[in-house]
Amino acid sequence: MSPLSRAFRGRRRSDADPARIPPGQYVTDDFPVLSAGPTPHRPLETWSFTIQGSIDEPVSWTWEQLQALPSETITTDIHCVTKWSKLDTVWTGVSLDTLLDDVETSAEYVTAFSDGGYTTNLPLEDATGGKAWIAYAFDGEPLAPEHGGPARLLVPHLYFWKSAKWVRGLELRNEDEPGFWESYGYHNYGDPWREQRYAGD
Amino acid sequence: MDALDGNAIAGVLFEVFGAEMTTSAAVCANCGARAPAAELAVYLRAPGTVARCRTCMSVLMVLVTIHERTCVDLRGLDTLEIPASRGPSGWG
């Protein structure tokens, strides 16, 4: 792409509708890679997604089984707690509503867990109702490992640390339990529109 | 993403501990590996700074700056050897 059109794109972004930018955020065209550890490289043959915890029997899907479920393509804005926001990102994946459809549970919270040991917590009602997905494609391409591939959680209405990379399952919990960043002082809920960056915000 | 080494946090460790820490030994509470802080695997591009054991990749130190205050979490460390003063009035 020529430098001229890059500059033009930049101007367009700076004209982004301010109503779409949460307080304290700036818009970027890049897709910064943030990580608290090494990037796992999980072969698809050994990948699975498991819902466990407050449930009679854990349920699991292989990669092939996940691909066979109805998928959705979502266009959404994402907001990182390190202050960048990226608009109109396009993801493909399976709604958590689909995965939780047959699950009977008394749990009110979930902890997402990932290859590499990362965890993040959220209320179950934020993981359902068309608000969260297991995303395996970005811009129509398989999700790159540095962005969380083969699959990541996508919960775009919360700060992006809640959208766990390399996700492998959900632990259903009756009691809330802080995940990785939540246990180091980040906000337990993380609503970008209320600028809930740190505990107490 | 490739990790940096512990030299990447030499400055902040000096601020936190008041001593040059890169040659200080850090002992992992998970696997017991003992290594100079300079050899830790450090991840800076994250909501906080994370230092991991090179042997088992357990999290040893997490530094998060919250409203101008740096919180240092050391729960993954068994021991961190901080240089004692070697001056005439020191006891080291």
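A few notes on this one:
- Qualifying residue in the stretch A:161-171 (condition: of a type in the set (S, T, Y) and not in a loop (DSSP other than H, G, I, E, B)): no
- Qualifying position, being small (G, A, S), open to solvent by 50 Å² or more (accessible area, probe 1.4 Å), touching a strand residue (DSSP E or B) at 6+ places or on another chain (Cβ under 9 Å) and closer than 22 Å to A:S54 by Cα, among A:S106, A:S95: A:S106
- Residues that are of a type in the set (S, T, Y) and either exposed (fewer than 15 other Cβ atoms within 10 Å of the Cβ) or farther than 28 Å from A:A199 by Cβ (or both) are absent from the stretch B:39-51 altogether.
- The stretch A:182-201, subset among the acidic types (D, E) and assigned to a loop (DSSP other than H, G, I, E, B), residue least open to solvent (accessible area, probe 1.4 Å): A:D191
For every residue, the table says whether it meets (1) free of Cβ contacts under 8 Å to residues at least 40 places away in the same chain; (2) in contact with a Lys or Arg (Cβ under 8 Å, 6 or more places away or on another chain); (3) hydroxyl-bearing (S, T, Y); (4) not in a strand (DSSP E or B).
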residue	(1), (2), (3), (4)
A:P70	yes, no, no, yes
A:T76	no, no, yes, no
A:V81	no, yes, no, yes
A:V90	no, no, no, no
A:V103	no, no, no, yes
A:V110	no, yes, no, no
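- Restricting the stretch A:149-160 to residues that are touching a residue at least 60 places away in the same chain (Cβ under 8 Å) and not in a loop (DSSP other than H, G, I, E, B), the residue that is farthest from A:S85 (Cα to Cα) is A:L154.
- Flag for A:A19 being part of a helix (DSSP H, G or I), over 16 Å from the mean Cα position of the chain (by Cα) and within 30 Å of A:Q196 (Cα to Cα): yes
- Taken together, the residues in the stretch A:112-123 that are touching a Lys or Arg at 6+ places or on another chain (Cβ under 9 Å) and away from chain B (no Cβ under 14 Å) amount to 4.
- Matching residues in the stretch B:30-50 - criterion: being in a strand (DSSP E or B), within 14 Å of chain A (Cβ to nearest Cβ) and touching a residue at least 24 places away in the same chain (Cβ under 8 Å): B:A41, B:V42, B:Y43, B:T49
- Flag for B:D5 being of a type in the set (D, E, K, R), surrounded by 15 or more Cβ atoms within 10 Å (Cβ to Cβ) and closer than 27 Å to A:H41 by Cα: yes
- Within the stretch A:143-181, the set of residues being surrounded by fewer than 24 Cβ atoms within 10 Å (Cβ to Cβ), charged (D, E, K, R) and farther than 24 Å from A:T105 by Cα comprises A:E146 only.
The values are calculated or read from the model by the stated rules, or taken from the named source; none is laboratory data. Please read these numbers as outputs of a predicted model, since none were measured by experiment. Because the Cβ atoms are built from the backbone with ideal geometry, glycine has one as well, and the counts that use them run over all protein chains shown. The protein model used for the area step is the full one, side chains on, heavy atoms only, and it has no ligands, DNA or RNA in it. Shrake-Rupley method; radii C 1.70, N 1.55, O 1.52, S 1.80 Å.
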